[in-house]
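The values are calculated or read from the model by the stated rules, or taken from the named source; none is laboratory data. Owing to the predicted nature of the structure, the values given are computational and were not obtained by experimental measurement. Please note: Cβ atoms are built from the backbone with ideal geometry, for glycine as well, and neighbour counts cover all protein chains shown. Side chains included, ligands, DNA and RNA excluded: accessible areas come from the protein's heavy atoms. Shrake-Rupley method; radii C 1.70, N 1.55, O 1.52, S 1.80 Å.
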Amino acid sequence: MRNIRRPIRFRTKDNMANRGTAQRPNGQTQGKICQFKLVLLGESAVGKSSLVLRFVKGQFHEYQESTIGAAFLTQTVCLDDTTVKFEIWDTAGQERYHSLAPMYYRGAQAAIVVYDITNQDTFVRATTWVKELQRQASPNIVIALAGNKADLANKRVVECDEAQAYADENGLLFMETSAKTAMNVNDIFLAIAKKLPKNEQAGNGGSSGQGRRLAEAEGQKATAGNCCK
Amino acid sequence: MNEEELLKRSAAERDRIFSCYDRGRENGVEIDPWEDPAYEVYHTTDRYGFIHDKRLPMKMDPNEIKLHHVEMERVKKWEKMTKDWESASTKEKLRRRIYKGIPDRFRGQVWCLLLGVKTLKKEQAGKYDEMLKLARQWSTEIRQIDADVARQYRDHIDYRERYSIKQRSMFYVLAAYSMYNMEVGYCQGMSVLAGLLLLYMNEEDAFWGLSVLLADKKYSMHGFYVDGFPKLNRFIEHHDKIMNKFLPKLKRKLDKCGCDSILYALKWFFVVFQERTPVTLGLRIWDVFLLDGDRILPAMAYTIMKMHKRYLLPMESLDEFCNYLQMKLEKDFGFDDDTVISSMERNIEELKRAKLDYPGPPLPQELPRYPFGTFKEPSFTSKVGRRSEEFSEAQHVMRDSVTQRRDMAVMEETRDSSTPVDPVSCGGLGGSKFSFDPSLEDGTSPNGSRRSLADTSVTSTADLSVFSSATRSQALDNSLDTQSNISDGSSGSGGLPTPRATPHQPSPDVVRIYVPYTPPSPASYKDDLPRTLPRSLETNKIRIRVDPDQTPIVENLKPFSLESPELELDLK
């Protein structure tokens, strides 16, 4: 639709989405603020953009336009006493755009590799992405595998067990998600947030200057060399 | 029908209608969609066919009425003009009138004329059907095309319904094209081109229109969509040059926030500002794009950044930039279409004066290598849709240049924040220009080494960041040009020489500047020097050491503050 609705920002706590006003990280309690770069990868039309849209704006568009190039959005979640800000890079899925992907996953602390449970090829493609990330991305990157379109269970091709076994073998987080029904969408981001180290290196939000500013505001040390390995 | 039957029929009708009201809405009553208020589609559809969330106002606002009248007046002129397309008077008036906007009812006809669809279609009679037939048997792009047709322009009434006539046309056109130009096949973004053309022309015309957009040198979109996106690199670098020169502050801000131009400009260029500007403005941009070709892309990109500079400059995060450039502008551009287009016209002139209006003709790797319509049986892997795990050579080039550019931006940012320089003191340097003559810049250098050159230039930009932004952009231009001359001589054509200045870890104490040791035009170089050397000041001194075998080094000899530096050029 031409009229894009005003984004609804929400704060997520204990797996519950409380819709409310945008969260001001600096206005929070003394809790830590961590900023993480997260990239979404996966075959075309598996629902990467829809997952982001659901997570960031709480919306679902039936006909989400194809991502040409990449999109960038942010969302903040609360985790105990820590505020985690995700800088989310949503990428184009077509193979032709593959050469741009390293630009987005380099320096990323987390990745969600998405496939479509109704399409076996997209799962195979997801495993290729995982391999590439293991080889090329930061060694400590937290990778989550998302079997999207879980609402289309009657068209399921990729079995949950199969994907779970693969994820276990490779040390990935795994969930089946549905951007349409919102199933497990916040949860997968929260699971990632939980797994991410929130110690001294927290606050290195990839390459954006904001990461440093935030960290400094919190009185943390941001060493330049620590940015973007 | 006899009288009795007629009476019977009337009675039956009466009963049926009565029973409808008796039953009300329950018990599975059949109601045609148009009978219910839910069927609002015609109230929410604008004159271009796009469906809105809300009912459109019944009355046009005064401005709209005025525009409507102006368009009606123009229709008369266009009627005359299209009848006499080849005449001298048409040629004389055409440009002016197209910049004012083609009346919508003439768009299809005029777009076809500008693209030369009719001739091509005649020359290649039967080809479209042939390609479509081949596609049914051989195309390896069908899954991707299907995925994109299913979500392209779904807010347009013609594409609203799945498998509608227009959706079918879009699918056929893209499928046929994937066989006609097998080097490109199908690349995401092309559904926008096909979809838009189909709103204004029939299926076969749209196919040939798409073909012209990719193949004709004027538009040359083949280079955008072919493996490795060679043209994208070139246009992004050109855009960066424009930004550095004319909007340096904004460019620095974007860099600081990690907003690489590729993030917003890729889509602008690939689909010519569709889906990133409001519908009506998008059409106006297409009018002039089809007239003037791909030089419109950098001009419009510059226009957007320039017009929105004051809103963009205060932004502090990538989030804000992306939201603004990728979403807000499409919703509400903030300026009316006429203002935007005439601003772009002025900007084209401005760019022309700086020789930055045209990024140059396509490079060899941006052009198709094989004649169109030649069929080659796809490989097994592409037939079964298996993806290669490795990058192709062209993709390597793309990946490397993109990541390198990011590195440079990050490095520059690191340097900016680790060097105690604030924009104010930078500005104070304005008087002591460490500058080379920007007119050395040759904006149309057609040789194939541009990509690696620009990599070098980025190094220079990064290293020069402690100087004023104005100085930076000029030095950037200069190093670009010089380098192109060097590589012309040393590596022949088409080769990609390694950048001379290699990236190095930034340190706040040492400033390294790439300075050409074989200046291409010594005359202008010398002329410029006396002006650039500032007054002698013993306390502040940096020295630039230029050694033919090494990266030239600027050394900071004495405590150095940027307010009044002295540059001592040590040119061997």
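A few points about this structure:
- Qualifying residue in the range A:96-111 (condition: free of Cβ contacts under 8 Å to residues at least 60 places away in the same chain, in a helix (DSSP H, G or I), over 23 Å from A:ASP187 (Cα atoms) and out of contact with any Lys or Arg (no Cβ under 9 Å at 6 or more places or on another chain)): yes
- Taken as a whole, the condition of being acidic (Asp, Glu), in contact with a Gly (Cβ under 9 Å, 6 or more places away or on another chain), assigned to a helix (DSSP H, G or I) and open to solvent by 10 Å² or more (accessible area, probe 1.4 Å) does not apply to A:ASP161.
Yes/no matrix, rows are residues, columns are (1) within 9 Å of chain A (Cβ to nearest Cβ); (2) open to solvent by 20 Å² or more (accessible area, probe 1.4 Å):
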site	(1), (2)
B:GLY360	no, no
B:GLU366	no, no
B:GLY385	yes, yes
B:GLU390	no, yes
B:MET408	no, no
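- Count - residues of the range A:53-92 that are in contact with a Leu (Cβ under 6 Å, 6 or more places away or on another chain) and either surrounded by fewer than 21 Cβ atoms within 10 Å (Cβ to Cβ) or assigned to a helix (DSSP H, G or I) (or both): 2
- A:VAL113 being buried (at least 23 other Cβ atoms within 10 Å of the Cβ) and more than 9 Å from every other protein chain (Cβ to nearest Cβ): yes
- Selection within the range B:300-331: residues that are basic (Lys, Arg) and closer than 19 Å to A:PHE72 by Cα. The member of this set that is surrounded by the most Cβ atoms within 10 Å (Cβ to Cβ) is B:LYS328.
- Every condition in (1) hydrophobic (A, V, I, L, M, F, W, C); (2) in contact with an Asp or Glu (Cβ under 8 Å, 6 or more places away or on another chain); (3) within 14 Å of chain A (Cβ to nearest Cβ); (4) more than 24 Å from B:LEU263 (Cβ to Cβ) holds for B:LEU318 except the one numbered (4).
- Out of B:GLN152, B:GLN167, one residue alone is within 14 Å of chain A (Cβ to nearest Cβ), crowded, with 19+ Cβ neighbours inside 10 Å and more than 20 Å from B:TRP286 (Cα to Cα). It is B:GLN167.
- Residue list for the range B:339-373, filter: without any contact (Cβ under 8 Å) to a residue 12 or more places away in the chain and farther than 30 Å from B:GLN124 by Cβ: B:THR339, B:ARG346, B:GLU349, B:LYS352, B:ARG353
- Output for the range B:188-233, where each listed residue is more than 14 Å from chain A (Cβ to nearest Cβ), small (Gly, Ala, Ser) and under 19 Å from B:GLN124 (Cβ atoms): B:ALA206, B:GLY209, B:SER211, B:ALA215
- The combined condition, being in contact (Cβ under 8 Å) with a residue 24 or more places away in the chain and more than 14 Å from chain A (Cβ to nearest Cβ), is not fulfilled by B:ILE157.
- Every listed requirement among (1) open to solvent by 10 Å² or more (accessible area, probe 1.4 Å); (2) modelled with pLDDT of 95 or more; (3) within 28 Å of B:TYR180 (Cβ to Cβ) is met by B:PHE289 save one, (1).
- Given (1) touching a Pro at 6+ places or on another chain (Cβ under 9 Å); (2) closer than 17 Å to A:LEU196 by Cα, number of the condition A:GLN136 does not satisfy: (2)
- Residue within the range A:118-126 that is crowded, with 22+ Cβ neighbours inside 10 Å and within 10 Å of chain B (Cβ to nearest Cβ) present: yes
Okay, residues lined up against (1) of a type outside the set (Ser, Thr, Tyr); (2) in a helix (DSSP H, G or I); (3) on the phi > 0 side of the Ramachandran plot; (4) open to solvent by 10 Å² or more (accessible area, probe 1.4 Å):
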{"residue": "B:LEU210", "(1), (2), (3), (4)": "yes, yes, no, no"}
{"residue": "B:LYS218", "(1), (2), (3), (4)": "yes, no, no, yes"}
{"residue": "B:PHE224", "(1), (2), (3), (4)": "yes, yes, no, no"}
{"residue": "B:ARG252", "(1), (2), (3), (4)": "yes, yes, no, yes"}
{"residue": "B:ASP255", "(1), (2), (3), (4)": "yes, yes, no, yes"}
